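Undergrad: Starting off with a structure, shown below.
Derivation of every value follows stated rules applied to the coordinates shown; laboratory data play no part. The structure displayed is predicted, hence computed values, not measured ones. Virtual Cβ from ideal backbone geometry, glycine too; neighbours counted across all protein chains shown.
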Amino acid sequence: MIELENISLALTGRTILDDVSLFIEKGTTSVILGPSGAGKSTILKVILGLLKPDKGSVIIEGRNIVDENGNDALDVRRKIGMVFQANALFDSLTVEQNAAYFLKESRNKTPREINTIVEEVLSFVNLSGTNKLYPDQLSGGMKKRLAIARALAVDPKIILFDEPTTGLDPINTKAVLNLIKSLKSRGTTSVIVTHILNDAIAIGDVLTVINDGKVTASGNLKDILNTKDQFIKDFFYEVFEDASFFVNNKKE
Ligand SMILES: Nc1ncnc2c1ncn2[C@@H]1O[C@H](COP(=O)(O)OP(=O)(O)OP(=O)(O)O)[C@@H](O)[C@H]1O
Ligand SMILES: [Mg+2]
């Protein structure tokens with residue numbers, strides 16, 4: 001469980017997050033949706049403990065990480081996997097070495113145990129048999145799946161995804177979205193940040209729309225469309241122009 005309570009954060013004198021509250025239930029897939037510059041990646045950095053808010057609490061599994069330092073903060077961060085927008089794979093390492101990277105870094109595992117885990121996560125993301133390839137020999141979709149496998153290897157309770165489908169074609173987008181959906185079967189809590197409405201709707205149990213550092217609406221699709229907020233209407237209008245469930249919420 002992740003809870004942001006009244007988070008405010010200014011960077012270089014400008015308000016980036018303005019009283020953001022967010023509740024992410026254990027084992028769910030939550031999507032943070034909003035336009036470019038809304039503050040989505042900043043929220044992920046706050047959850048990871050990379051940025052400290054000026055105000056508010058970040059409660060992860062019952063602990064307020066804003067108050068924690070050093071080893072305690074690291075302890076909480078270990079529970080969280082991160083899949084970066086640009087993947088952040090190591091180009092000079094093979095697929096299996098990339099997948100094993102955080103395992104080797106943070107856990108006391110024997111090479112044999114590491115090998116078993118690597119095989120399992122590569123199989124889970126459908127990359128079995130690519131062990132000896134290097135990232136530049138993989139397609140965009142394969143790289144993304146490898147980044148997900150690397151995050152999964154340390155068995156995190158929570159995985160954060162920053163724009164996981166950007167730059168992927170529709171087939172790879174679908175594969176990655178299905179993979180994220182399937183994390184539920186592992187009991188993982190997933191948080192996905194995206195500006196792509198269709199992706200958000202395809203995978204989110206709960207959607208939180210943010211604009212200009214503020215939460216505009218939160219809930220399921222119906223809840224959001226019922227807010228009658230002008231920004232929501234503008235943002236959703238393009239996609240739902242012809243959809244029957246949008247009729248009652250149409251832009252005036
Ligand atoms: N380190 C920083 N110092 C100052 N301003 C920052 C910093 N990091 C982000 N910002 C600003 O905060 C705002 C929100 O940035 P953020 O990266 O969270 O947006 P985003 O919603 O992830 O956008 P995108 O969809 O383009 O990735 C932007 O206006 C950005 O310029
Ligand atoms: Mg971003």
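Undergrad: Given a Förster radius of 22 Å and the C-beta distance between PHE90 and LYS132 as r, what FRET efficiency does 1/(1 + (r/R0)^6) yield to the nearest 0.05?
TA: After rounding to 0.05, the efficiency reads 0.90.
Undergrad: Any idea which of LEU152, ILE7, ILE60 is furthest toward the positive side of the dipole for segment 1-154, if Lys and Arg beta-carbons carry +1 and Asp and Glu beta-carbons -1?
TA: Going by the Cα projections, it comes out as LEU152.
Undergrad: From the helices alone, meaning DSSP H stretches of at least four residues, give me the mean residue ellipticity at 222 nm for the chain, per-run term -39500 (n - 2.57), in deg cm²/dmol to the nearest 500.
TA: -11000 deg cm²/dmol
Undergrad: What size of dipole, in debye to the nearest 20, comes out for segment 89-156 about its Cα centre when the only charges are +1 on Lys and Arg C-beta atoms and -1 on Asp and Glu C-beta atoms?
TA: That gives segment 89-156 a dipole magnitude of about 40 debye.
Undergrad: Next question. Starting at the first residue of segment 39-56, write each ³J(HN,Hα) from the Karplus equation 6.51 cos²θ - 1.76 cosθ + 1.60 with θ = phi - 60°, in whole Hz, x for Gly and Pro.
TA: Along segment 39-56, the couplings run x, 5, 5, 4, 4, 4, 5, 5, 5, 6, x, 7, 10, 9, x, 6, 9, x Hz.
Undergrad: Taking the Cβ of LYS181 as the center, what net charge do the other residues with Cβ under 13 Å away carry, scoring Lys and Arg +1 and Asp and Glu -1?
TA: +1
Undergrad: Taking the Cα centre of the chain as origin and charging only Cβ (+1 Lys, Arg; -1 Asp, Glu), how large is the dipole, in debye to the nearest 20?
TA: 540
Undergrad: Same structure again: Could you please report the charge total around ASN6, scoring K, R as +1 and D, E as -1 over all other residues with beta-carbon less than 13 angstrom from its beta-carbon?
TA: Spelling it out: positives minus negatives among the neighbours equals -3.
Undergrad: Still on this structure, I have one more. At 0.692 mPa s and 37 °C, plugging the Kirkwood radius over alpha-carbon pairs of the chain into Stokes-Einstein gives what diffusion coefficient in µm²/s?
TA: It diffuses with D of about 173 µm²/s by this estimate.
Undergrad: Could you give the length gained on full extension between ASN64 and ARG112, defined as 0.36 nm per residue of separation minus the Cα-Cα distance, in nm?
TA: Gain in length upon complete extension: 13.7 nm.
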